[in-house]
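The values are calculated or read from the model by the stated rules, or taken from the named source; none is laboratory data. Computed from a predicted structure; not experimentally measured. Here the Cβ positions follow ideal geometry from the backbone for every residue, glycine too, while neighbour counts run over all protein chains shown. Each accessible area value is taken on the protein alone, full model and side chains, heavy atoms only, with ligands, DNA and RNA left out. Shrake-Rupley method; radii C 1.70, N 1.55, O 1.52, S 1.80 Å.
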Amino acid sequence: MKYICLVPDGMSDLPVPELDGMTPWQAAKTPNMDKLAQDSLVGTVLTVPQGMYPGSDVANMSILGYDPRTYYTGRGPIEAVAMGIPLSPKDVAYRCSLVACDGVTLLDYSSGHISTEEATELIQVLDKKLGSRRFKFYPGVSYRHIMSWTNGSVNLKTVPPHDIQDQAITDYLPIGDGEEELRELMFDSLDLLDGHPVNQRRRDQGKQPGNMIWLWGQGFAPNIPDFFRLRQKQGVVITAVDVVRGLGRAAGMKVIEVPGATGYIDTNYRGKAEYAVKALADGADFVYLHIEAPDESGHEGNIDHKVGSIENIDRYVIPTILQGMQKVDHLRMVILPDHATPVSLRTHKEGPVPFLLFDSRKSERSSNIPFNEIALEDAKTRIDEGTDLISLLLEA
Ligand SMILES: [Zn+2]
């Protein structure tokens with residue numbers, strides 16, 4: 001028996017006038033998903049517990065079977081695990097975003113999507129000048145970095161920089177235990193980085209500088225039970241994003257990198273499916289196959305990209321899986337978005353999402369409920385605890 005959980009991130013959406021009141025998922029041509037739905041159980045699942053922010057970290061943790069109310073400690077530590085950063089039980093990991101700021105207003109949460117090479121140089125300056133036995137700075141990709149704070153505080157209110165673009169930073173600086181130290185680091189970073197040659201060059205090129213750090217998403221290292229010990233299944237994670245990579249690593253699962261997997265609409269759809277099939281042929285029991293492209297399209301507010309990414313998943317991922325798994329006598333697969341990322345909102349939305357459960361041995365007819373947002377109205381199977389879905393998949 002082999003199991004697959006296919007997660008097109010943020011695929012769920014809302015009706016848009018440009019598509020005559022359909023959602024991008026409904027408007028997308030998805031003959032393979034439509035055919036699967038005819039023989040599958042179609043239902044809805046609440047991936048994010050009520051009251052929690054519908055972030056990909058929380059939602060994917062829940063789909064993997066770990067209750068975020070128990071195990072979620074913050075986004076920083078999950079990404080730190082993904083980056084292989086050693087965290088002791090005393091270390092608090094913060095997301096350390098490199099932002100553009102004029103000292104008053106946050107101008108760009110991504111520093112104009114600064115290159116990893118330039119950002120690494122800047123973060124290394126900070127580690128040299130501000131780093132200590134307590135504070136360490138670890139360069140990541142583009143504007144996304146990590147700061148660890150030994151014996152640090154988690155009891156602060158912090159705000160993601162993408163939520164305060166073009167707003168005065170004074171209203172959103174860390175508040176709580178240890179706020180003075182964090183604020184000092186943030187303003188010291190502005191002094192150190194503003195005139196740095198990397199930023200002078202970026203300004204000359206008409207680009208936003210990476211001249212300040214923004215600290216948020218703090219937490220202690222997640223203590224997630226081992227997936228194999230819990231489920232007696234060898235699990236593999238395939239993804240292009242650190243949040244999901246970190247969850248997989250924290251759960252002791254093997255994380256497989258796929259060439260050409262970009263986390264964007266130009267990703268290697270077929271390759272990701274081929275690697276999933278190969279991992280199962282090589283002995284894995286369960287593959288968590290995560291595809292970021294629909295979510296990115298939702299954040300961009302780009303209807304064409306969103307429709308296109310869903311069609312690409314239907315055209316390249318699903319047939320590759322079904323053909324590749326033909327030799328396997330029994331396959332069970334769920335397909336679901338982790339949450340909705342409506343193009344009209346350009347951010348995540350709470351609420352249940354549709355899921356499809358396919359079993360190669362038995363046909364489950366759900367009285368012709370289509371696998372898209374229509375299921376939110378029509379489906380009879382409704383799962384209120386996101387963590388129950390994987391138990392259903394694994395028949396645990
Ligand atoms: Zn997501």
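Screening T23, T47 for residues that are within 16 Å of the ligand (Cβ to nearest atom) and either of a type in the set (A, V, I, L, M, F, W, C) or closer than 22 Å to H290 by Cβ (or both) leaves exactly one candidate, T47. Here is the figure for the stretch 50-89: residues that are polar (S, T, N, Q), away from the ligand (no atom under 13 Å from the Cβ) and either within 26 Å of V141 (Cα to Cα) or surrounded by 24 or more Cβ atoms within 10 Å (Cβ to Cβ) (or both) total 2. Scanning the stretch 268-302 for residues that are touching a strand residue (DSSP E or B) at 6+ places or on another chain (Cβ under 7 Å) and under 23 Å from T347 (Cα atoms) yields L289, H290, I291, P294. Working only within the stretch 38-49, note down all residues that are open to solvent by 10 Å² or more (accessible area, probe 1.4 Å) and more than 30 Å from G219 (Cβ to Cβ). Scanning the stretch 38-49 gives Q38, D39, L41.
The C-beta contact set for the stretch 345-359 (first residue at positive phi, second residue surrounded by fewer than 24 Cβ atoms within 10 Å (Cβ to Cβ) and part of a strand (DSSP E or B), distance under 7 angstrom, 6+ apart or interchain) is empty. Restricting attention to the stretch 330-351 and to residues that are under 25 Å from D388 (Cα atoms) and out of contact with any strand residue (DSSP E or B) (no Cβ under 6 Å at 6 or more places or on another chain), the residue that is farthest from the ligand (Cβ to nearest atom) turns out to be H330. Scan the stretch 301-329 for residues that are within 16 Å of the ligand (Cβ to nearest atom) and among the basic types (K, R) and jot them down. Answer for the stretch 301-329, where residues must be within 16 Å of the ligand (Cβ to nearest atom) and among the basic types (K, R): just K306.
The helices (runs of 4 or more DSSP H) located wholly in the stretch 210-328 that include 3 or more residues which are open to solvent by 50 Å² or more (accessible area, probe 1.4 Å) and at negative phi occupy 227-231, 269-281, 293-300. Is it true that some residue in the stretch 364-372 is under 22 Å from the mean Cα position of the chain (by Cα) and within 16 Å of the ligand (Cβ to nearest atom)? No, the conditions are met nowhere in the stretch 364-372. In this structure, is E274 at pLDDT below 95, in contact with a Ser or Thr (Cβ under 7 Å, 6 or more places away or on another chain) and away from the ligand (no atom under 16 Å from the Cβ)? No; evaluated as a whole, the condition is false for this residue. Among residues of the stretch 361-378 being assigned to a loop (DSSP other than H, G, I, E, B) and modelled with pLDDT of 95 or more, the one that is most open to solvent (accessible area, probe 1.4 Å) is I374. All of (1) open to solvent by 60 Å² or more (accessible area, probe 1.4 Å); (2) polar (S, T, N, Q); (3) within 23 Å of the chain's Cα centre (by Cα) hold for T120 with one exception: (1).
Taking into account only those residues within the stretch 1-20 that are in a strand (DSSP E or B) and either within 16 Å of the ligand (Cβ to nearest atom) or open to solvent by 40 Å² or more (accessible area, probe 1.4 Å) (or both), which is farthest from T341 (Cα to Cα)? That would be C5. Working only within the stretch 148-157, note down all residues that are open to solvent by less than 30 Å² (accessible area, probe 1.4 Å) and closer than 23 Å to V104 by Cβ. Once the filter is applied, which keeps residues that are open to solvent by less than 30 Å² (accessible area, probe 1.4 Å) and closer than 23 Å to V104 by Cβ, the stretch 148-157 yields only L156.
For the stretch 175-205, filtering for residues that are part of a loop (DSSP other than H, G, I, E, B) and open to solvent by less than 70 Å² (accessible area, probe 1.4 Å) leaves 4.
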